[in-house]
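Have a look at the structure below, then the notes.
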Amino acid sequence: MTRSARMVVFAVSAAGLATLMAVAFAGLPSFGDYSGRYGRIIAQIAIPDRAATNAVTFTAFDVRGVDTMVEEFIVFAAAIAAVALLRHLRGEPEREARPGDVLRPLTSPAVRVMGAALVGPTVVIALNLVAHGAITPGGGFQGGVVLAAGAVILVAAGGRVRLPPDEPPLLAEIVHGAGAAGFVLLGLAGLVFAGAFLDTTWAGHGTPGMLLSAGSIPLLNVATGLEVSGALIVIAAEFLEQEMLAMEPESS
């Protein structure tokens, strides 16, 4: 196909897409308009029934708790898949000699200082998102991603990126496994003490707006934050290791 023909196909497709988008946007309701009942029910019961001022977190961990658990285990499965597919490559014989030096990104002292300075605030923000997930916008998923970003910042600033031979990021694996197990155990606690799996009322009610409120939702946020952060660090570590293997010079 010639360049002119490709441009004609693109122009026709772009015009059709623009028309569909214009029709779709024209049919949108006005800002703030909501005609469904689901959101109104959630807004009415979140504080009286659970003392949760964050209706989104209340919906995720209480109203649709099993769906949220399945979503969390998608990340868990992704980490396991990355380990299963990539880890066995470390022992392949295409690299008979591994350099003893730890490979680090070529960064300036200023970048290393700034990276080290940003790790602490990043971790604090992550912990704040997890701890206040039932009160203000945030939660375990968001906090877990930010916590994993702290490790990424450390590596990007010049931290260690080479894993020792045949030695996985054990701490991250323990953290993400403990988080997944904790979520299930909290669900079973609801079944034992409240009569329903992932029922959050067994841990009490609390005062709206306070840290210890919303039943077991804060604990579910902690479990989710551990699982998400650990899983993302495991995935990032496996891909970084493969990148280092690909960049490693051939032995002469």
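The values are calculated or read from the model by the stated rules, or taken from the named source; none is laboratory data. All figures in this text were calculated on a predicted structure; none of them were measured in a lab. Cβ atoms come from the backbone with ideal geometry, glycine included; neighbour counts cover every protein chain shown. Just so you know, the surface numbers come from the protein's heavy atoms only, side chains and all, with ligands and any DNA or RNA stripped out. Shrake-Rupley method; radii C 1.70, N 1.55, O 1.52, S 1.80 Å.
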Counting only residues that are touching a residue at least 24 places away in the same chain (Cβ under 8 Å), open to solvent by less than 50 Å² (accessible area, probe 1.4 Å), in contact with a helix residue (DSSP H, G or I) (Cβ under 8 Å, 6 or more places away or on another chain) and not in a loop (DSSP other than H, G, I, E, B), how many does the range 182-212 have? 8
Assuming Leu127 fulfils every condition listed in (1) at pLDDT 85 or above; (2) open to solvent by less than 50 Å² (accessible area, probe 1.4 Å) apart from one, which condition is it? (2)
Filter the range 132-151 down to the residues that are within 12 Å of Gly230 (Cα to Cα) and open to solvent by 30 Å² or more (accessible area, probe 1.4 Å) and list them by number. Phe141, Val145, Val146, Leu147, Ala149, Ala151
Pairs returned, first residue in the range 127-155 that is under 20 Å from Arg50 (Cα atoms) and in contact (Cβ under 8 Å) with a residue 12 or more places away in the chain, second residue that is of a type in the set (Ser, Thr, Tyr) and open to solvent by 10 Å² or more (accessible area, probe 1.4 Å), beta-carbon separation under 9 angstrom, 6 or more apart or interchain, are Leu129/Thr136; Ala134/Thr53; Ile135/Thr53; Thr136/Thr53
So which of Val8, Val66 ends up being open to solvent by 80 Å² or more (accessible area, probe 1.4 Å) and in a helix (DSSP H, G or I)? Val8
Whichever residue in the range 22-51 is hydrophobic (A, V, I, L, M, F, W, C), in a helix (DSSP H, G or I) and open to solvent by 90 Å² or more (accessible area, probe 1.4 Å) and, among such residues, is farthest from Ile217 (Cα to Cα): Val23
Exactly one of (1) at pLDDT 85 or above; (2) among the aromatic types (Phe, Trp, Tyr); (3) over 14 Å from the mean Cα position of the chain (by Cα) is unmet by Phe141. Its number? (3)
The correct count of residues that are modelled with pLDDT of 85 or more, open to solvent by 80 Å² or more (accessible area, probe 1.4 Å) and not aliphatic (A, V, I, L, M) in the range 107-124 is 0
Single condition Arg104 does not satisfy, out of (1) part of a helix (DSSP H, G or I); (2) surrounded by 14 or more Cβ atoms within 10 Å (Cβ to Cβ); (3) at pLDDT below 85: (1)
